[in-house]
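Any read-out appearing in this document is the output of simple, stated calculations on the displayed coordinates, not a laboratory observation. Note that the structure is predicted; figures quoted are calculated from it, not measured. Cβ placement follows ideal geometry from the backbone for every residue including glycine, while neighbour counts extend to all protein chains displayed.
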Amino acid sequence: MEPGTLYLIPCPISDQTAPWEVLPAANRAVMDALDYFIVENTRSARRFLSAAGIARPIGELEFRELNEHTTAGREVEELVEPLAAGRSAGVISEAGVPGVADPGALVVEACHRRGIRVVPLVGPSSIILAVMASGLSGQSFAFNGYLPVKPPERARAIRHFERRALQEGQSQLFIEAPYRNMKLLEQLLEILAPATRLAVAVDLTAPAESVRMHEVARWRTLPRPEMNKRPAIFIIGR
């Protein structure tokens, strides 16, 4: 029997955005055809598929979780077994695209090892959207995830990424827990050189979306953006 196909299915970044406002209509046929989903969070995946109005009743679908608690090895192999037996599956992240800053990469790697076809579908990625709208280099950029929580360690990381941005011309992206956004922004403005450019993208694809980019000297003169408890991406560039 031929193996199934693993489809990487994007979902909205913001809960305030309806699925078909940000997803291409072509994704619907794939989503309608599947009955097996490997997801970061079952509740949010069910909510997304319900909002998308897929053809199959939600109660008839099978959901298996792949998240930060999943370990590589037997757990992941068990997720892939149905595909090896001919059943196709969709991977759904908590928000945005699977496999990028997301544990979905584990099952993708397992499928490649087994020769199972992997198909990425088009949809919103906060990382790519932030780079697009930043005005900073999109020719060379790096996503660095979360910076350290403790201020001294975070300060060292900020200086490290600033050096890379300035010396290599590589835009440096990172994120923070939304309730710590303002503390991170204040530390960035304290540490970065006045001529270093900083972009801050908040609530991408949501009605209150905001993307601003200025030199740090300019940022210091402006009112701070309202970003407490709102998802944001920070980019350092030259």
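When the charge dipole of the chain is built from unit charges on Cβ atoms (+1 for Lys and Arg, -1 for Asp and Glu) and taken about the Cα centre, the candidate among 6, 89, 16 whose Cα reaches farthest toward its positive end is 16. About the centre of its Cα atoms, region 126-237 shows a dipole size close to 260 debye [charges on the beta carbon of Lys, Arg (+1) and Asp, Glu (-1) only; nearest 20 debye].
Phi angles of region 6-22 translate, via the Karplus equation with coefficients 6.51, -1.76, 1.60 and θ = phi - 60°, into HN-Hα couplings of 9, 9, 9, 9, x, 9, x, 6, 10, 5, 7, 10, 5, x, 7, 7, 10 Hz per residue; Gly and Pro are given as x. Given their separation in residues at 0.36 nm each and the Cα-Cα distance between them, residue 163 and residue 128 gain 10.4 nm when the chain is fully extended. By the Cα gyration tensor, region 126-237 has an equivalent ellipsoid whose semi-axes, rounded to whole angstrom, run 18, 16, 14 from largest to smallest.
Looking at the chain alone, DSSP beta bridges between its own residues are antiparallel in about 45 percent of cases.
Couplings 3J(HN,Hα) of region 113-126, computed from phi: 4, 8, x, 8, 5, 10, 10, x, 9, 7, x, x, 10, 4 Hz, in residue order, whole Hz [Karplus 6.51 cos²θ - 1.76 cosθ + 1.60, θ = phi - 60°; x for Gly and Pro]. For the chain, the ratio of Cα radius of gyration to the globular rule of thumb 2.2 N^0.38 Å stands at 1.12. Take the Cα of residue 140, go 7 Å toward its beta carbon, and the backbone nitrogen atoms of region 207-236 under 20 Å from that spot belong to 235-236.
Converting phi to 3J(HN,Hα) with the Karplus coefficients 6.51, -1.76 and 1.60 and the offset θ = phi - 60°, region 93-105 yields 7, 5, 7, x, 9, x, x, 10, 6, 7, x, x, 4 Hz in sequence order, with x at every glycine or proline. Find the relative contact order for the chain and round it to a whole percent, using C-alpha pairs within less than 8 Å whose residues are 6+ positions apart. Here the relative contact order equals 23 percent.
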